[in-house]
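Data block below; observations after.
The values are calculated or read from the model by the stated rules, or taken from the named source; none is laboratory data. What you see is a predicted model, and the numbers here were worked out from it, not measured in a lab. Every residue, glycine among them, receives a Cβ derived from its backbone with ideal geometry; neighbour counts consider all protein chains shown. Remember, those area values only see protein heavy atoms, side chains included, never the ligands or the DNA or RNA. Shrake-Rupley method; radii C 1.70, N 1.55, O 1.52, S 1.80 Å.
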Amino acid sequence: MDDCIFCKIVAGMIPCRKVYEDERVLAFEDIQPMAPVHIILIPKRHIATLMDADAEGMADLQAMMVAARAVAKLKAIDARGFRLVINCNEEGGQVVFHLHMHLLGGQKLRCGLA
Ligand code: AMP
Ligand code: ZN
C-alpha cells in the first residue's frame, strides 16, 4: 500500500524505534506513548482492519499475540501485567488503517475501556 504509513515503516522508508521483528511481525515504540511502555505490533503484510483479516491474516494475528508476549518479556512487564488493544474502524478509534495492536504497560492502567 503506497500511502500507508505502517507499510512505509516495514519498507524502511520511515524510521521507527524497532523493539521486535520476526517473519510476520514488526513491533516498534509508539510515537505518542500513552503509557511508560507503549508498543505497536503490526503484520508486515498490509491488512487494513481486523475485519479484513483472511485466513493468512489470522495467522498474522496469532503471530502478533506470540510477539506481544515476547515484547512484554523484553520490556520486563510480563509478570507485572499489560494490556493489548486493537482499535477497529472509526468508532473503535482506529486512525491508522493498517491492522495493529497496542501493547500498553509499565504502570497501573486505568480501566478506560469506553
Ligand atoms: P490507532 O488509533 O489504533 O489507529 O493508533 C495509531 C497509533 O499509531 C497511535 O498511537 C499513534 O501514536 C501511532 N503512530 C502513528 N504514526 C506512527 C509512527 N510513525 N511511529 C510510531 N507510531 C505511530
Ligand atoms: Zn499498510
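Quick notes
- When Rg and the Kirkwood radius Rh are both evaluated on Cα atoms of the chain, their ratio Rg/Rh stands at 0.94.
- Within the accessible area of the chain (1.4 Å probe), percent carbon and sulfur: 54 percent
- Rounded tilt (10° steps) of 55-74 against the dominant C-alpha axis of the chain: 30 degrees
- Scanning the chain for trypsin sites (Lys or Arg not before Pro) in DSSP loops with at most 12 neighbouring Cβ atoms within 10 Å leaves 18-107 as the longest stretch between them.
- Mean-position separation - Cα centroids, region 86-105 and region 2-40, in angstrom: 13 Å
- Rolling a 1.4 Å probe over the protein heavy atoms gives region 27-114 an accessible area of 59 Å² per residue.
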